[in-house]
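Asker: Okay, here's the structure, questions in a sec.
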Amino acid sequence: RWTILCSTGLTVVLWMLIANRVVGAYRSRFVRAVGLSLKQNFLLADPHTLFATSVAVTLVLGIAAYSSIGPVGAVAASVLGVAGPRLVIGYMTKQRIKQFVYQLPDALLALSSALRAGSNLPKGLELLATRQPAPLSQEFMIVLAEQRVGRPLTDSLSDMRRRINTAELDLMNTAMNLSRRVGGNLADTLESLAKTLQEKAHIEGKIDALTSMGRAQGWVVGLLPIFI
């Protein structure tokens with residue numbers, strides 16, 4: 001009997017150590033990834049607090065689902081509670097990128113007007129950082145801050161491209177880099193690019209409007225078996 005009790009105790013301790021290590025590794029990855037996402041989205045939140053909240057919500061959802069549905073519901077609710085913070089932050093990131101792309105054509109037109117008025121490119125970017133709304137102003141503020149400490153503008157624009165990750169910024173960076181290397185009228189290039197992006201946004205808006213009914217029907221049909 002004592003042998004069985006000792007063996008059971010050692011097994012419990014071993015599993016507790018394994019669980020503690022797994023939770024610690026997941027906590028480190030969660031805090032690092034979520035903290036970076038929060039920083040890139042200019043959200044003032046503590047990733048450690050979010051982790052504790054996520055654990056509490058996961059436990060509550062798991063217990064409630066187990067008592068009402070059963071083990072399958074508990075597993076589904078636990079997965080939803082674990083993935084919930086990442087899904088929410090991912091959605092906020094996509095919305096921020098969409099807002100940035102929506103603001104970019106007007107910003108390029110303003111930059112083109114500033115260049116025609118006699119300003120240089122750094123001064124024009126400063127006008128974007130101070131007079132345009134967020135999130136566009138936030139990203140260009142980072143570019144200006146890096147340039148003031150001596151970082152090349154090309155590298156700062158490349159980092160902004162990696163943070164935002166859109167094809168529109170690829171076009172803008174290419175136009176600016178070519179103008180700085182081989183010359184040319186950057187104001188005309190930016191104005192033409194802004195008009196192209198406006199037309200692209202207009203066409204994409206039409207496509208979203210025409211396909212909205214079909215996408216809604218797809219969501220309904222896809223979620224119907226789960227509710228049944």
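The values are calculated or read from the model by the stated rules, or taken from the named source; none is laboratory data. These numbers were taken from a predicted model, which means no experiment stands behind them. All Cβ positions, glycine included, derive from the backbone under ideal geometry; neighbour counts span all protein chains shown. Note: areas computed on protein heavy atoms with side chains; ligands, DNA, RNA excluded. Shrake-Rupley method; radii C 1.70, N 1.55, O 1.52, S 1.80 Å.
Asker: Taking 0.36 nm per intervening residue step and subtracting the Cα-Cα distance, what contour gain separates Ile18 from Val182 on full extension?
Answerer: Residue separation times 0.36 nm, minus the Cα-Cα distance, leaves 53.0 nm.
Asker: How large is the dipole of the chain about the Cα centre if only Lys and Arg carry +1 and Asp and Glu carry -1, each at its Cβ, rounded to the nearest 20 debye?
Answerer: 560
Asker: How big is the accessible area of Thr174 in square angstrom, nearest 10, if you roll a 1.4 angstrom probe over the protein chains?
Answerer: 70
Asker: Another question, then. What is the angle, in °, between the Cα long axis of helix 153-164 and the longest principal axis of the Cα atoms in the chain? Nearest 10 is fine, range 0 to 90.
Answerer: 40
Asker: Another question about this same structure. Could you work out how far helix 47-68 tilts from the main Cα principal axis of the chain, as a 0 to 90 degree angle to the nearest 10?
Answerer: The helix 47-68 is inclined about 50 degrees to the chain.
Asker: Heavy atoms of the protein only, probe of 1.4 Å, neighbouring chains included. What is the accessible area of Ser37 in Å², nearest 10?
Answerer: 40
Asker: With the dipole of the chain worked out from charges on the C-beta (+1 for Lys and Arg, -1 for Asp and Glu) around the Cα centre, which of Ser179, Gln40, Thr154 lies farthest toward the positive end?
Answerer: Gln40
Asker: Which label belongs to the value computed from this structure, given these candidates for Cα Rg over 2.2 N^0.38 Å: (i) 1.46; (ii) 1.28; (iii) 1.36?
Answerer: (i)
Asker: Evaluate E = 1/(1 + (r/R0)^6) for Val149 and Thr11, where r is the Cβ-Cβ distance and R0 equals 41 Å; express this FRET efficiency to the nearest 0.05.
Answerer: Numbers: r = 56 Å, r/R0 = 1.37.
Working from the Cβ atoms, E equals 0.15.
Asker: Here's another thing I want to ask about it. What's the angle, to the nearest 10 degrees (0 to 90), between helix 71-116's Cα axis and the longest principal axis of the chain?
Answerer: 10
Asker: When only the heavy atoms of the protein chains count and the probe is 1.4 Å, how do Phe42, Phe30 rank by accessible area, highest first? Let's see the in-between values first.
Answerer: On the way: Phe42 85, Phe30 0 Å².
Order by accessible area, largest first: Phe42, Phe30.
Asker: Could you let me know the centre-to-centre spacing of the range 23-86 and the range 93-135, using Cα atoms, in angstrom?
Answerer: 36
Asker: While we're looking at this one, here's another question. In the full protein assembly as shown, how much of Val23 is accessible to a 1.4 Å probe, in Å² to the nearest 10?
Answerer: The accessible area comes out at roughly 80 Å².
Asker: Computing the accessible area with a 1.4 Å probe over protein heavy atoms, can you report the carbon and sulfur percentage for the range 177-228?
Answerer: Values: 2700 of 4160 Å².
That share works out to 65 percent.
Asker: Here's a follow-up. Filter the cross-link list Lys39/Lys206; Lys39/Lys200; Lys94/Lys123; Lys123/Lys206; Lys98/Lys206; Lys94/Lys206 down to pairs whose alpha-carbon distance in this structure exceeds 25 Å.
Answerer: Where the Cα-Cα span goes over 25 Å, the pairs concerned are Lys39/Lys206; Lys39/Lys200; Lys94/Lys123; Lys123/Lys206.
Asker: Next question. For the range 114-228, what is the accessible area per residue in Å² when the probe is 1.4 Å?
Answerer: So the range 114-228 comes to 62 Å² accessible per residue, rounded to a whole number.
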